[in-house]
Amino acid sequence: MTPTEQNMYPSLERNVSYIRDKLLHTDDLKVRHLTYRGQSSALIYLESTVDPTLIERNVIRPLRQCGDEDLSQLFFTLRLETEHKLDKGAQSLLSGNCLFFTQDMVQFYVLTTPAKYDRSITEPENEGIIRGAHNGYIEDLTVNLFQIRQQVSSTELKVHYHNIGSTAPRKVAVIYMNNLADPAVIDKVENRLKSISIDSVMSTGFIQEFMEDQPYSIFPQFLNTERPDHTGSYLLDGHVVIMLEGDPTALIVPMSFFCFYQTPDDYSNRWMIASFVRFIRLLSFVTAFQLPAFYIAIVAFHSNILPIQLFFTVQGSLTRVPYPPLVEAMLLELIFELLREAGLRLPSRVGQTIGIVGGLVIGDAIVKAGFVSYTMIIVVALTAISSFLIPSNEMSSAIRILRFPLMICASIFGFIGISFGLTILFIHLCKLESFGKPYLSPLAPLKIKGFKDTFLRFPIWAIRSRHGEKKHN
């Protein structure tokens, strides 16, 4: 028999001693000795994981006042389970349960008494919308599932739990619509979750890296969101959702490239306005990583395509810059990334100050010092604004990194280098898959009907959902 299959001992003291040893005699382990039906009993719990008021009111007080009642009658307000494996009991203590042992009994009782320190259900700061629900996930998986069931009130909604982690296991929920989700995708999600071998899963980012089809691709293959309404819409489109206990982020699969440019506001506004805004977002994808490369190529190789007045303006701004356009662009992009990271890590009020100082003071000073040109300041500013338009932070980060190799290609071969880089990028996107689904769908493979909800958003009544696919697939 292995240590993880240790049964109860006949002696109460040995059972208590085993639990103490299993938890390394931690100071927050409490043992309350009581009497039940004339027999010596013990209530064991971790004071850091339980609600002390709940234990005093619903466990200890009924035990002291009881006669010959059965435990199921005494603890009718609590969830009560029986167990005879001491190791499972020790593990359940970590989840906020308490254990009740009685002398000479062949089983012990597990009572659910977890502490509740939930924060309020507020709108996520990084996913604000103008119109729609303004609630978001918190660190409690049960509360998050409740919010999802409020959005999708259907008997077809299925939740399947997994425990991931060998040293400190955590609960993971796989959520999908049984009548809409693709069974092949569900099987892949379940199998990949079961194959995860790690001591503990600290965040959904761990799950994401273990389960991606192409872990070396810079493009995200999971959509993450903290909005229940966003999650609900994808569930009704046949997608699968993965959530982790203690993490307010939901992972949605399978995903296509165009999903990262859609927001809940697209379906709250009128379709013409939503289509215009979505087109602007997709245009920002092109601007965010191609504009610096095009500027470098024009200045270094193809300045003859500029109108004569613009040519003299650009060349005039470059006369004081002592190094090539690539170095100029790399320097300014690096400064921008430093300022952006500083603004994220500092408190909000100080972060805003850093942005203003970086944008105005440092930008003006670096131009006057002759390190960069005014034209490059404009190009980098437009690039930065374009990257901010992308709703997904992961996709925005990928686009920001992509512009650096494209700038190198432009500095070596001009427009030919840009064409070469874009060709490699497009081939990679065509080959990329998310749980077996094409990443560039409906563009590659081409599906004309899918364009109703891709570059533009057609009226809701004109968008027809497909079994097991996103609207635009």
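Conditions tested, residue by residue: (1) more than 25 Å from the chain's Cα centre (by Cα); (2) over 20 Å from D229 (Cβ atoms); (3) open to solvent by 30 Å² or more (accessible area, probe 1.4 Å).
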| residue | (1), (2), (3) |
| --- | --- |
| V241 | no, no, no |
| G246 | no, yes, yes |
| A250 | no, no, no |
| M255 | no, no, no |
| Q290 | yes, yes, no |
| A293 | yes, yes, no |
| I298 | yes, yes, yes |
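The set of residues from segment 151-203 being among the polar types (S, T, N, Q) and closer than 22 Å to R227 by Cβ comprises Q151, S153, S154, S203. Checked against (1) over 36 Å from the mean Cα position of the chain (by Cα); (2) under 30 Å from N178 (Cβ atoms), N144 meets all criteria but (1). Among the residues making up segment 82-134, those that are of a type outside the set (D, E, K, R), open to solvent by 40 Å² or more (accessible area, probe 1.4 Å), farther than 30 Å from N269 by Cβ and not in a strand (DSSP E or B) are H84, Q91, L94, S95, Q103, M105, V106, Q107, Y117. Residue pairs whose Cβ atoms lie under 6 Å apart, separated by 6 or more positions or on different chains, with the first residue in segment 359-378 and closer than 13 Å to L331 by Cβ and the second of a type in the set (S, T, N, Q) and part of a helix (DSSP H, G or I), are S373/S317.
Can you tell me which residues in segment 196-229 are in a helix (DSSP H, G or I) and among the small types (G, A, S)? G205, the sole residue that qualifies. For L34, the requirement of being under 17 Å from L94 (Cα atoms), outside any helix (DSSP H, G or I) and over 38 Å from the mean Cα position of the chain (by Cα) is not met. Inspect all residues belonging to segment 383-391 and state whether any of them is touching a Leu at 6+ places or on another chain (Cβ under 9 Å), more than 27 Å from D265 (Cβ to Cβ) and among the polar types (S, T, N, Q). Within segment 383-391 (the criterion being touching a Leu at 6+ places or on another chain (Cβ under 9 Å), more than 27 Å from D265 (Cβ to Cβ) and among the polar types (S, T, N, Q)), the answer is no, since none of the residues qualifies. Among the residues here, R270 qualifies as open to solvent by 60 Å² or more (accessible area, probe 1.4 Å) and out of contact with any Asp or Glu (no Cβ under 9 Å at 6 or more places or on another chain).
Residue count for segment 433-445 under the criterion of being surrounded by fewer than 20 Cβ atoms within 10 Å (Cβ to Cβ) and in contact (Cβ under 8 Å) with a residue 40 or more places away in the chain: the result is 3.
Residues are listed down the side, and each one gets a yes or a no for (1) of a type in the set (A, V, I, L, M); (2) within 21 Å of G136 (Cβ to Cβ); (3) at pLDDT below 90:
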position: F210; (1), (2), (3): no, no, no
position: P220; (1), (2), (3): no, yes, no
position: G232; (1), (2), (3): no, yes, no
position: I242; (1), (2), (3): yes, yes, no
position: M255; (1), (2), (3): yes, yes, no
position: D265; (1), (2), (3): no, yes, yes
position: R270; (1), (2), (3): no, no, yes
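The values are calculated or read from the model by the stated rules, or taken from the named source; none is laboratory data. In this text, all values refer to a predicted model and were calculated from it rather than measured experimentally. Neighbour counts are summed over all protein chains in view; Cβ atoms, including those assigned to glycine, are modelled from backbone coordinates with ideal geometry. Protein only, heavy atoms only, side chains kept; ligands, DNA and RNA dropped before computing areas. Shrake-Rupley method; radii C 1.70, N 1.55, O 1.52, S 1.80 Å.
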